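The values are calculated or read from the model by the stated rules, or taken from the named source; none is laboratory data. In this text the structure is predicted, and so the values were computed from the model without any measurement. Every residue, glycine as well, gets a Cβ built from its backbone with ideal geometry; the counts of neighbours run over all protein chains shown.
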Amino acid sequence: MMVSPGQLLAQGLSRISWPFALSVSGAAFALFFFQTGLDRSHAGLVTTARCWTLGLEGALYGTAGIAAIGLVAWALSKFIGGDQPPGWVIRAVALSYSSGLVYGAVGLVFNLFFKWNTSLAFGVTGVLWALGPMMAVFRQMSKGKIAGSVVLATVCGALVLLGWGALATGSAGR
């Protein structure tokens, strides 16, 4: 999905199970949130146990939250001629976070071995890199309408970042 999203979509996204697709986005966000906790732990703001809790919150956000955002994308796509079923859209949006999974894994290595603060450099970057594959998904959903694809990517990308921000802000005191 990271390298050639159009090819995956053309060759049959339906062969990929929704639990696998959501496990990709779930793992990506688990690593991202865990790194956020580690960054805060390096500063003495949270305990190691809280880092693990943040990782679990990330896994939940990466599965249930991304599934919900996929449903939003599916509903909005109806306004621009989209005819893909909701399961297809959820799988495609979830798999778009494969770049976030790669960035999260690499960031975790740098965080653990070099004690770098990596949640912004690797975590946010991985989430933003998901917008490229999502654009391919939205372009296919809108039958090639670039403006519609951009609107869908903007709305869904904003929802992801707003959700992360809300969770991060709500979790700050814990």
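Some observations on this one:
- Out of Ser142, Ser99, sole residue that is over 30 Å from Leu45 (Cα atoms) and in contact with a helix residue (DSSP H, G or I) (Cβ under 8 Å, 6 or more places away or on another chain): Ser142
- A count restricted to region 131-168 and to residues that are touching a Phe, Trp or Tyr at 6+ places or on another chain (Cβ under 8 Å) and of a type in the set (Phe, Trp, Tyr) stands at 1.
- Exactly one residue out of Phe20, Phe122 is under 30 Å from Gly148 (Cβ atoms) and of a type outside the set (D, E, K, R): that is Phe20.
- Of the helices (runs of 4 or more DSSP H) that lie entirely inside region 22-133, those containing 2 or more residues that are at pLDDT 90 or above and surrounded by fewer than 23 Cβ atoms within 10 Å (Cβ to Cβ) span 48-60, 66-77, 86-95, 98-114.
- Close contacts from region 135-150, counting a first residue that is in a helix (DSSP H, G or I) and a second that is surrounded by 18 or more Cβ atoms within 10 Å (Cβ to Cβ) and among the β-branched types (Val, Ile, Thr), with Cβ to Cβ under 8 Å and a gap of 6+ residues or different chains, come to Val137/Val89; Val137/Val93; Met141/Val89.
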